[in-house]
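Rule-based calculations on the coordinates, nothing more; no lab input. Computed from a prediction, not measured in an experiment: that's the story for all the values here. Note: ideal-geometry Cβ built from the backbone for every residue, glycine included; neighbour counts use all protein chains shown.
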Amino acid sequence: ATAAVLPSPARGRRAGGGGTPDSGSLAAVLITRNEERNLRELLPRLDWVDQIVVVDGGSDDATVEIARAHGCRVESRRFDDFAQQRNRALALAETEWVLSIDADERPSPRLAEEVRRRIAGARWVGYRVPIRSVIFGRAVRRGGTQDDRPVRLVRRDSARWVGAVHETLRVAGRVGTLDAWLDHRTHEDLHEYLAKLHLYTTLDAQARVAAGRRPRAWDAWWAPVREVLRRLLYKQGLLDGPAGWVFCGLSGLYEYTLARKHRELWAATRMAGLLYAASESTKKETHSKSENPAPSGQVSSVARVTL
């Protein structure tokens, strides 16, 4: 399900040909699908890394062409889940360190300077990176993702992504936290938000069913209310203004949609399981009768009724 990989030209201290990476070498890795607009803005801001790796999940715009023109190492790979896509990007990196970044995120010069400084004398095998939200074109400082500090900067051989959706980096070793942050320019408009909502709630529901998590009767009404109140009051999203209020409300819609899809998928899976069990039972009964036919001259109960 993969296409040929296009190697990137050397950008700095990167080791080539699968050799031992140079000490302190750094790759930025990202996964994409229809991100041409974001890549045009993001890639020029990554000129301080030694390699850029892009794993594309089936774009039908100019994403792949833009990445290749910028000298990225590109692979087209059929999307199965987010963790596997990201792990493939990790595997393609040829550097000691990897910064995992999304196409809608933007590193600042301050972050670039701190990353280089930290990996030059690293005490940890990974670092958390604070995230600041820009939602619908407005900075959301309270009800958004400002409390998120995911692990994004790691030694390549010390980490692996886990989780089909809302994936996280699992690191084998101690983890520090950077002071500088990434700007996350998520949800440019309502159309984009709803498209992501549909994708992520579907994957979330599938993950819940696969884990055997039963839907609860109150999820469809309690989870949305809880999420809205958590963002508006606990995280003080009320102070973010109209853009923040809309985002809090849409976060509740996410929870409602997830609960509905979870219940529908659970019911469909359960029904499919019952039908399969009934089919297997019928096959076994038929097989048993064929192996143990009624004795000669004995009329079956069905035949007696017919007679």
Six or more apart or on different chains, Cβ under 8 Å: which pairs go from a residue in region 117-133 that's touching a residue at least 24 places away in the same chain (Cβ under 8 Å) to one that's basic (Lys, Arg) and assigned to a helix (DSSP H, G or I)? Could you list them?
127/118
So which residues in region 82-129 are under 27 Å from residue 204 (Cα atoms) and among the charged types (D, E, K, R)?
86, 88, 102, 104, 105, 106, 128
